[in-house]
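Asks: Let me give you the structure first, and then I'll get to my questions.
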Amino acid sequence: MPSFPSLSPARLRTPRPAWLSPRVARTEILAGLVVALALIPEAISFSIIAGVDPSVGLFASFTMAVVISVVGGRAAMISASTGAIALVVAPLAREYGLGHLIAAVVLGGLFQILLGSLGVARLMRFIPRSVMVGFVNALAILIFMAQVPELVDVPWAVYPLFAGGLVLMMLFPRITKAVPAPLVSIVALTGLTVAAGIAVPTVGDKGALPSSLPTPGVPDVSFTVDTLALIAPYALAFALVGLMESLMTAKLVDDITDTHSNKTREAIGQGVANVVTGFFGGMGGCAMIGQTMINVKTAGARTRLSTFLAGVFLLVLCLALGPVVSDIPMAALVAVMVLVAFATFDWHSVAPGTLKRMPAGEITVMVVTVAVVVVTHNLAVGVVAGSITAMVLFARRVAHLVEVTAAIDPEGRQVVYAVTGELFFASSNDLVYQFDYTGDPDSVVIDLTDAHIWDASTVAALDAITTKYQSRGKTVEIVGLNKRSATMHRRLSGELAGSH
């Protein structure tokens, strides 16, 4: 009778999730609570931008955080209603009402699932480091700028409370890191203002908190082709902006935590979360960079538990502790976000020593990214502008790396042109002018051993060179093509008449 190796209990045991450790769980729970407190005024503000009731933004933050904690590809990243998404859907809500907004959120989520399945996340590889640095710095500037209105035309008591919050958050970690300093600051300043009866702007001044649970339902629109045609452009913009911000934030968290995330799963997860959010009447959302920085950098969270609890605590705080949360002074939350902005900014990137060593093109790309984001208040637009700038500068730089050298044999019967470099639309345009068509002997050899053909423009340029020589009764031989270049040249040569 055959014998089988026994399976010990240790072999059968699956690895225990990290968050089950008491120390990790405590960090994750407290981080989720801090993020939930910071989410409330933000969600209300974004609801106002979108032109909807505060509950629409708060419910979106709840469902986004809870769902993405399960289906997302980046642990510890916070997804909720965001300003970028609010700006995209605001015109739709203003002109056609909440029903069309919700329908666009659901369709946008479906677009994100489709784009994620098609591998759009792989495009992240083409975003240069200088764009990423610009993205981070622009993010920090936007976070700071968003807090400035809370410090203008306010009672004088706001300023000492704000300063006290900053000092407390900077000094408390020296005493202990067991409890997040932002949570201590929020609790301390709230207790002080309530006990002393200090009249300052509070969370409650931003808008009324919801008093009941969100209920699922179908968007209140007519399901017709006309409705689809109306909401589709908004839904597509919603999908692209949401994916751009989410994937960039995921990459940022990867760098901070020195871990790798599944970008494709994150893209699809964002779509699933938005579909669920839409059916629960939320305004949709994406990765929320400021709150993610609070969660990961300030509070030290690393697992999905903090993301899940941020959503749960948000709902509990609104429904069960609404009056208490409404009394939190905005000065406390503004202090938290200002500290996050300063911690997020890459100060090393703008240090004089770094700028001296950095190539001018890299600095230009970073500055363009920051400038466009600050002007448009849209991180996705800035990333696209920065990436396009980087591509243009790269193309110009590579185009000038092509060299053409000529060598005539001693008898003067043949000339060999050695071409070195990468041949594509930018570099091959000038290639035609590097040859002496009239003065060269009857036999011309173009040696491409140290070159590579990348596109049809180069094949067209080589055809033009051959034609110019042939019109003068001279023969041209192209040699040294590598396998891929030879395949492209063989397939396209002679087929591009009129393209040059």
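The values are calculated or read from the model by the stated rules, or taken from the named source; none is laboratory data. As the structure is a prediction and not an experimental result, all values here were calculated from the model. Please note: Cβ atoms are built from the backbone with ideal geometry, for glycine as well, and neighbour counts cover all protein chains shown. Just so you know, the surface numbers come from the protein's heavy atoms only, side chains and all, with ligands and any DNA or RNA stripped out. Shrake-Rupley method; radii C 1.70, N 1.55, O 1.52, S 1.80 Å.
Asks: Which one of Thr307, Thr354 is assigned to a helix (DSSP H, G or I) and in contact (Cβ under 8 Å) with a residue 12 or more places away in the chain?
Replies: Going through Thr307, Thr354 in turn, the sole match is Thr307.
Asks: Evaluate the following for Gly300: is it open to solvent by 10 Å² or more (accessible area, probe 1.4 Å), at positive phi and touching a residue at least 12 places away in the same chain (Cβ under 8 Å)?
Replies: yes
Asks: Still on this structure, I have one more. Would you check if there is a residue in segment 184-200 being touching a strand residue (DSSP E or B) at 6+ places or on another chain (Cβ under 7 Å), in a loop (DSSP other than H, G, I, E, B) and open to solvent by less than 60 Å² (accessible area, probe 1.4 Å)?
Replies: There is at least one residue in segment 184-200 that is touching a strand residue (DSSP E or B) at 6+ places or on another chain (Cβ under 7 Å), in a loop (DSSP other than H, G, I, E, B) and open to solvent by less than 60 Å² (accessible area, probe 1.4 Å).
Asks: Taking the residues in segment 284-304 that are among the basic types (Lys, Arg) and in a helix (DSSP H, G or I) as candidates, determine which candidate is nearest to the chain's Cα centre (by Cα).
Replies: Here the answer is Lys297.
Asks: How many residues does segment 350-377 hold that are crowded, with 20+ Cβ neighbours inside 10 Å and either closer than 20 Å to Ile143 by Cα or out of contact with any helix residue (DSSP H, G or I) (no Cβ under 7 Å at 6 or more places or on another chain) (or both)?
Replies: The total comes to 6.
Asks: For residues that are exposed (fewer than 13 other Cβ atoms within 10 Å of the Cβ) and among the small types (Gly, Ala, Ser), scanning just segment 407-428, find the one that is modelled with the lowest pLDDT.
Replies: So, considering only residues that are exposed (fewer than 13 other Cβ atoms within 10 Å of the Cβ) and among the small types (Gly, Ala, Ser), the one modelled with the lowest pLDDT is Gly412.
Residues checked against (1) touching a Cys at 6+ places or on another chain (Cβ under 9 Å); (2) assigned to a strand (DSSP E or B); (3) at pLDDT 95 or above; (4) under 25 Å from Ala380 (Cβ atoms):
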| residue | (1), (2), (3), (4) |
| --- | --- |
| Phe223 | no, no, no, no |
| Leu236 | no, no, no, yes |
| Leu240 | no, no, no, yes |
| Ile268 | no, no, yes, yes |
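Asks: How about segment 408-431: which of its residues are touching a helix residue (DSSP H, G or I) at 6+ places or on another chain (Cβ under 8 Å) and among the acidic types (Asp, Glu)?
Replies: Glu422, Asp430, listed by residue number.
Asks: Only one of Phe144, Phe126 is touching a residue at least 40 places away in the same chain (Cβ under 8 Å), farther than 16 Å from Val338 by Cβ and in contact with a helix residue (DSSP H, G or I) (Cβ under 8 Å, 6 or more places away or on another chain). Can you tell me which?
Replies: When all the criteria are applied, what remains is Phe126.
Asks: Going by the structure shown, is Leu431 touching a strand residue (DSSP E or B) at 6+ places or on another chain (Cβ under 9 Å), open to solvent by less than 40 Å² (accessible area, probe 1.4 Å) and modelled with pLDDT of 95 or more?
Replies: Answer is no for this residue.
Asks: Go through segment 446-460 and give me each residue that's open to solvent by less than 60 Å² (accessible area, probe 1.4 Å) and in contact with a strand residue (DSSP E or B) (Cβ under 6 Å, 6 or more places away or on another chain).
Replies: Initial filter on segment 446-460 (open to solvent by less than 60 Å² (accessible area, probe 1.4 Å)): 446-448, 451-453, 455-460.
Ile446, Asp447, Leu448, Ala451, His452, Ile453, Thr458 - these are the residues of segment 446-460 that are open to solvent by less than 60 Å² (accessible area, probe 1.4 Å) and in contact with a strand residue (DSSP E or B) (Cβ under 6 Å, 6 or more places away or on another chain).
Asks: Could we say that Asp463 is surrounded by 12 or more Cβ atoms within 10 Å (Cβ to Cβ), out of contact with any His (no Cβ under 8 Å at 6 or more places or on another chain) and within 22 Å of Gly421 (Cβ to Cβ) here?
Replies: When the stated conditions are applied, Asp463 does not pass them.
Asks: Moving to a separate point now. If a residue has to be touching a residue at least 40 places away in the same chain (Cβ under 8 Å) and open to solvent by 30 Å² or more (accessible area, probe 1.4 Å) to count, how many in segment 260-271 make the cut?
Replies: Residues in segment 260-271 being touching a residue at least 40 places away in the same chain (Cβ under 8 Å) and open to solvent by 30 Å² or more (accessible area, probe 1.4 Å): 5 in total.
Asks: Just name the residue that is farthest from Val432 (Cα to Cα) out of those in segment 466-486 that are among the hydroxyl-bearing types (Ser, Thr, Tyr) and open to solvent by less than 40 Å² (accessible area, probe 1.4 Å).
Replies: In this case the residue turns out to be Ser485.
Asks: Could you pull out the residue among Arg472, Arg484, Arg413, Arg397 that is basic (Lys, Arg) and closer than 30 Å to Pro359 by Cα?
Replies: Arg397
For every residue, the table says whether it meets (1) closer than 24 Å to Gly290 by Cα; (2) free of Cβ contacts under 8 Å to residues at least 40 places away in the same chain; (3) open to solvent by 70 Å² or more (accessible area, probe 1.4 Å).
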site	(1), (2), (3)
Val203	yes, no, no
Asp220	no, no, yes
Ala237	yes, no, no
Met244	yes, no, no
Met248	yes, no, no
Asp254	yes, no, no
Asp258	yes, yes, yes
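Asks: Report yes if Thr63 is closer than 24 Å to Thr376 by Cα, of a type in the set (Val, Ile, Thr) and crowded, with 24+ Cβ neighbours inside 10 Å, otherwise no. First the steps, then the outcome.
Replies: Numbers: closer than 24 Å to Thr376 by Cα: no; of a type in the set (Val, Ile, Thr): yes; crowded, with 24+ Cβ neighbours inside 10 Å: yes.
Taking the combined requirement at face value, the residue does not satisfy it.
Asks: Still on this structure, I have one more. For Val225, only one of the following conditions fails: (1) over 25 Å from the mean Cα position of the chain (by Cα); (2) more than 22 Å from Phe62 (Cβ to Cβ); (3) surrounded by 15 or more Cβ atoms within 10 Å (Cβ to Cβ); (4) aliphatic (A, V, I, L, M). What is its number?
Replies: Going through (1) over 25 Å from the mean Cα position of the chain (by Cα); (2) more than 22 Å from Phe62 (Cβ to Cβ); (3) surrounded by 15 or more Cβ atoms within 10 Å (Cβ to Cβ); (4) aliphatic (A, V, I, L, M) one by one, Val225 breaks only (3).
Asks: Could you list all residues from segment 336-349 that are at pLDDT 90 or above and buried (at least 16 other Cβ atoms within 10 Å of the Cβ)?
Replies: Ser349
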